[in-house]
Each structure stands twice: as C-alpha cells, then as structure tokens.
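Structure first, then comments.
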Amino acid sequence: MKKLDAEALQKLILKLQQPDMLSGKNADRLIRVFYDAVKIVYERQKRLKKPELKMKEISSALLIAERVNSSQFHFDAAGILAECFGSIDEGAALDYYQKKVMGEVTDKLGRKITIDEDGMLSLYKDRETGKHIVKSANYEEMRGKRLPWIRHTLMNSESVYVSEEMIAGRFRRSFLYTAVASVPMTTDPQYYVVVVRQNKSGDGHTYTFLTAYTMLKRNRFLQILEKCQL
C-alpha cells in the first residue's frame, strides 16, 4: 500500500473512533457498509482479474453494500412459509410446486412473472456439474422445504438486483429477488435468492421464474450480488 493510502486509511480509522465526530450508531453503520463493500470489491477484482478497478466499479460496490445494509428485505419463516419444513420427499415437493407455486405473480413494480413447469428444475442440482438435471439422486430437500418462499419473495421483495451477461454471443438479463430469512430454532440468518429471466416478446418483455436457492454464508451472498447492478 502506498504511503498516502496508508495515511488515509489511518485517518479514516481515527475518525470512526472519535465520539465527538460520529455517533456510535453512525460509526457502526459506516463500518458495516465499508466492510461489505471491501468484500464485494475483492470478489470483483478476482472475477475480472483486474488488480485495479475503475472508480465506477468501486462505487457500485458501495451502492450494493449500502442496499444490503439499509433496505434488505427480511421475513420470518413462520406460518405458511414453514409448511414444508420437516421432511418433504421428491414426490411431495413436486406436488406442492404444481398446486401452490405454479401460476402468475406480480412483483412490487407491477411485473407479471410466470412460474411454469420448467421451474421444477430448480428442485434438482447435479453435485458434480451444478446443472439442474431431473433425477431423483439430484433432488435437494432444502429446496423443497423452501418452496413457499418463492411466491412470497417475488411478491414482496424490493431488494432486486439486475444481472446482465453475454451467453454464446447473446445478451441475457435476469432479476435476482433477494431476502434474508429468519428460521425458527436457528440463530443465523439464511440468504435467499429467486432468479427471474427477462425474455423479449414483441415490443415488450415477459418474465419467467428460473430457479431459487439458499445460502447460509453472508460472504457467498455478497459474491452473488457482486456480479449484479441495482
């Protein structure tokens, strides 16, 4: 680290520790945002293989960290959101998906999202390839237990991030609807992501549920968001 950078860092630390300059709560909030932003920048640095990022790539990391810390959607996994807890085998999960998950939902911005049969693929994941291959050995019970969370998150979360990428020469945009869930009899939060694909349709777009998954580690959640924009 250059001398000037080291001096600036030391000044920042001193300012955060000065009670006459910042209240304890404000200092704590700053530290949380900075800490998460540093982790996002680190992941972005690795992914892009760039030792020095552009300022806009740094500032966007701060914006994501601020969103996660100030307005992240939370819910308690109780009532109908917990009705698949316990044991739910493959057959029961597929039945629940068909009867209570499939259909159309409208998000907070008025987008109509279709949840169709293809979304059943989200219940399966090949442990070696990571692909969604329908095979009993690939069924993940954790995904089955969280089926009630799909519609709830799509309809209520405003913590939505945009993922844009080029796949085989074609532009693809997806929306990541996120939530932090508090689960009974556990102390750590669970990070939940529901992915919706935007499809071009005439002069407009349609939106289709793609998959949903849970993470138990905050660092993994930030790693997912690093690739996104607000």
Item checked: From 58, 88, 80, residue being out of contact with any strand residue (DSSP E or B) (no Cβ under 6 Å at 6 or more places or on another chain), at pLDDT below 95 and β-branched (Val, Ile, Thr) -> 58
Note to self: Going by what's in this entry, would residue 41 be described as β-branched (Val, Ile, Thr), out of contact with any Pro (no Cβ under 8 Å at 6 or more places or on another chain) and over 15 Å from residue 151 (Cα atoms)?
What the structure shows: yes
Check: Got at least one residue in the range 156-175 being over 15 Å from the mean Cα position of the chain (by Cα) and at pLDDT 95 or above?
Finding: no
Next item on the list: Mind checking which helices (runs of 4 or more DSSP H) fall wholly inside the range 38-154 and carry at least 3 residues that are surrounded by 12 or more Cβ atoms within 10 Å (Cβ to Cβ), over 18 Å from the mean Cα position of the chain (by Cα) and aliphatic (A, V, I, L, M)?
Entry: 90-96
Item checked: Of residues in the range 193-217 being of a type outside the set (A, V, I, L, M) and over 19 Å from residue 109 (Cβ atoms), the one modelled with the lowest pLDDT -> 202
Item checked: Options 159, 163, 182, 174: the member that is within 27 Å of residue 69 (Cα to Cα), surrounded by 11 or more Cβ atoms within 10 Å (Cβ to Cβ), without any contact (Cβ under 8 Å) to a residue 40 or more places away in the chain and not aromatic (Phe, Trp, Tyr) -> 174
Margin query: Given the condition modelled with pLDDT under 95, farther than 29 Å from residue 68 by Cβ and among the hydroxyl-bearing types (Ser, Thr, Tyr), answer yes or no: does some residue in the range 139-146 qualify?
Written below: no
Next item on the list: Might you check whether a residue that is exposed (fewer than 12 other Cβ atoms within 10 Å of the Cβ), under 28 Å from residue 40 (Cα atoms) and among the charged types (D, E, K, R) occurs anywhere in the range 187-206?
Entry: yes
Next item on the list: Look through the range 184-207, keep the residues that are of a type in the set (Val, Ile, Thr) and more than 17 Å from the chain's Cα centre (by Cα), and return whichever of them is nearest to residue 35 (Cα to Cα).
Entry: 187
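The values are calculated or read from the model by the stated rules, or taken from the named source; none is laboratory data. Only a predicted model underlies this, so the values are computations on that prediction, with no experimental measurement involved. Cβ coordinates were reconstructed from backbone atoms using ideal geometry, including for glycine residues, and neighbour counts include every protein chain displayed.
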